[in-house]
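Reviewing the structure listed below.
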Amino acid sequence: MNPAPEIATATAAADGMLPEVWRVDRVRRETHDTFTLELGPERPGSERAFEPGQFNMLYVFGVGEVPISISGDPRRRDRVVHTTRAVGRVTNVMSGLKTGGRIGLRGPYGTPWPVAAAQGRDVVLVAGGIGLAPLRPALYAILHRRNDFRNVVLLYGTRSPGDILFRQELERWRARFDLDVHVTVDRGAPSWKGNVGVVTTLVQKAPFDPRNAVAFICGPEVMIRFTAAELQRRGVPLDDVHISMERNMKCGIGLCGHCQLAGVFVCRDGPVFPYSRVADLVTQWEV
Amino acid sequence: MKTLEQLLAEHPFFSGLAPDHLKLFAGCAVTLRVDSGEFLFREGELARSFFVVRHGSIAITSVTPQEGLVTIQTLDEGDILGWSWLLPPYRWHFGARALEPAALISLDATCVRTKCEHDHEFGYEIMRRFAQVMASRLEATHLQLMNVYESRT
Ligand SMILES: Cc1cc2nc3c(=O)[nH]c(=O)nc-3n(C[C@H](O)[C@H](O)[C@H](O)COP(=O)(O)OP(=O)(O)OC[C@H]3O[C@@H](n4cnc5c(N)ncnc54)[C@H](O)[C@@H]3O)c2cc1C
Ligand code: FES
């Protein structure tokens, strides 16, 4: 006999809330406060596919659970990569994990960057600070099928040269002739020879056709707002601008209402949204 | 070889400018090349000209007691450099130094100011365009000061 529908739903929800144990296979220090964990499943067969822009709920045993976007290559199913900035209780303890350590993981959750919808068009990726991590899988997917897209531009801003993530990879991307990479910092050390200025200042001169471009923005919401305004000024319709939103989460699967804003569940309906849908919410403080 | 008027007309700052106004500008302009590391001007000096960046990258610099010379902004192709020449006491608030060999057009400040006084329509056009540049630089500076990449919302 099948269980009553409400029981079936409750069981599925409870299953969805149970983290699986994953092993830390590699730890990489990216900057003074940011680190990358490469995770492998403890139980064979737990490998999973994800789409660029999705996140996992990572559980640091005995401390707590936080949503962290996947920052690795979507074609690699045998490992999951997360890049995290240590800002508080959970992420600080997570930053102390060593190779061979264990972490709880459930996911992937959330809406992806609309990479397929960007085919045949220019793609502009704008990242601020840790925001490069959730965008990196989208760039991997685009580069994997580079010929399906027109101009591809990455604009990346950080506070200082020391805060730049994935430096070696950025160098490799910059050396490609089919990718335009522009990095800027708020404050350059005397040895810094690159751009100085906020990332929004790169938008006006970036090589893309605003009438046939799709933009993905990831970073703190103040940065998102000003970048979207610059893109709009350049002529990109806001329906073609997509952003990833961050709100405090508990369940991550649309059950608890913790991430809800004016009827929008960031965990389930997002985190990636067309900017036109959430422009009013981006200015709202969390309650 | 292109005339100064043609070079100015290609630059976004002058786009859509009436031909007679372009001619007035060209009468105050000379082309200029600087080498990497060379200063166009230093903080506190008299602002005798302003610049149109054609190629290359220019650092706007300031001297701080702790760090020495720091770059607060970089400008490149398509940018306009300097507005201290517009308002008394006509002294540079910052320095400007080439980060790589750069090609510019230098506009003589006294020459442009005199033409603004004689032709107010021309003067208004310049002020309007500079106001736009200043507003977007101010917005960018606000964001830099807010430390946007590390804020939560
Ligand atoms: C969908 C989604 C994807 C995310 N992806 C990533 C990711 O890929 N990498 C990553 O590093 N983070 C990511 N985050 C943010 C991450 O979830 C939070 O930083 C984390 O929950 C903080 O938990 P904590 O216990 O360490 O800090 P808490 O103890 O909860 O917070 C401590 C202090 O830090 C502040 N704070 C909390 N979060 C942030 C923040 N993000 N930035 C600045 N200050 C903050 C709080 O206001 C508080 O003052 C994502 C969030 C969401 C919703
Ligand atoms: S985190 Fe529970 S509903 Fe979104």
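The values are calculated or read from the model by the stated rules, or taken from the named source; none is laboratory data. Quick caveat, the model's predicted, so the values are computed rather than measured. Cβ coordinates were reconstructed from backbone atoms using ideal geometry, including for glycine residues, and neighbour counts include every protein chain displayed. Note: areas computed on protein heavy atoms with side chains; ligands, DNA, RNA excluded. Shrake-Rupley method; radii C 1.70, N 1.55, O 1.52, S 1.80 Å.
Values computed for the structure shown
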quantity	calculated
Residue match in segment A:120-128 (condition: surrounded by fewer than 18 Cβ atoms within 10 Å (Cβ to Cβ) and within 23 Å of A:ALA215 (Cα to Cα))	yes
Complete set of residues in segment A:103-118 that are surrounded by fewer than 21 Cβ atoms within 10 Å (Cβ to Cβ), touching a strand residue (DSSP E or B) at 6+ places or on another chain (Cβ under 9 Å) and more than 14 Å from A:SER244 (Cα to Cα)	A:GLY104, A:ARG106, A:PRO108, A:ALA117
Some residue of segment A:172-181 being assigned to a strand (DSSP E or B), open to solvent by 10 Å² or more (accessible area, probe 1.4 Å), more than 16 Å from ligand 2 (Cβ to nearest atom) and at the interface with chain B (Cβ under 10 Å from one of its Cβ atoms)	no
Hits in segment A:250-273 - residues which are crowded, with 19+ Cβ neighbours inside 10 Å and in contact with a Phe, Trp or Tyr (Cβ under 9 Å, 6 or more places away or on another chain)	A:GLY252, A:ILE253, A:CYS259, A:VAL266, A:CYS267, A:PRO271, A:VAL272
Residue within segment B:133-141 that is away from ligand 1 (no atom under 16 Å from the Cβ), over 26 Å from A:THR158 (Cβ atoms) and more than 13 Å from chain A (Cβ to nearest Cβ) present	no
Residues (part of a loop (DSSP other than H, G, I, E, B) and more than 16 Å from ligand 1 (Cβ to nearest atom)) located in segment A:228-281	A:GLY235, A:VAL236, A:PRO237, A:ALA262, A:GLY263
Enumeration of residues in segment A:229-287 that are near ligand 2 (Cβ under 9 Å from one of its atoms), polar (S, T, N, Q) and more than 14 Å from chain B (Cβ to nearest Cβ)	A:GLN260
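Residues checked against (1) open to solvent by less than 30 Å² (accessible area, probe 1.4 Å); (2) more than 12 Å from chain B (Cβ to nearest Cβ); (3) assigned to a helix (DSSP H, G or I):
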site: A:VAL183; (1), (2), (3): yes, no, no
site: A:SER191; (1), (2), (3): no, no, no
site: A:THR200; (1), (2), (3): yes, no, yes
site: A:PHE208; (1), (2), (3): yes, yes, no
site: A:VAL214; (1), (2), (3): yes, yes, no
site: A:VAL222; (1), (2), (3): yes, no, yes
site: A:ARG225; (1), (2), (3): no, no, yes
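Yes or no, residue by residue, for (1) out of contact with any strand residue (DSSP E or B) (no Cβ under 7 Å at 6 or more places or on another chain); (2) within 12 Å of chain A (Cβ to nearest Cβ); (3) open to solvent by 30 Å² or more (accessible area, probe 1.4 Å); (4) without any contact (Cβ under 8 Å) to a residue 40 or more places away in the chain:
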{"site": "B:ILE60", "(1), (2), (3), (4)": "no, yes, no, yes"}
{"site": "B:LEU69", "(1), (2), (3), (4)": "no, yes, yes, yes"}
{"site": "B:ALA102", "(1), (2), (3), (4)": "no, no, no, no"}
{"site": "B:CYS111", "(1), (2), (3), (4)": "yes, no, yes, no"}
{"site": "B:ASN147", "(1), (2), (3), (4)": "yes, yes, yes, yes"}
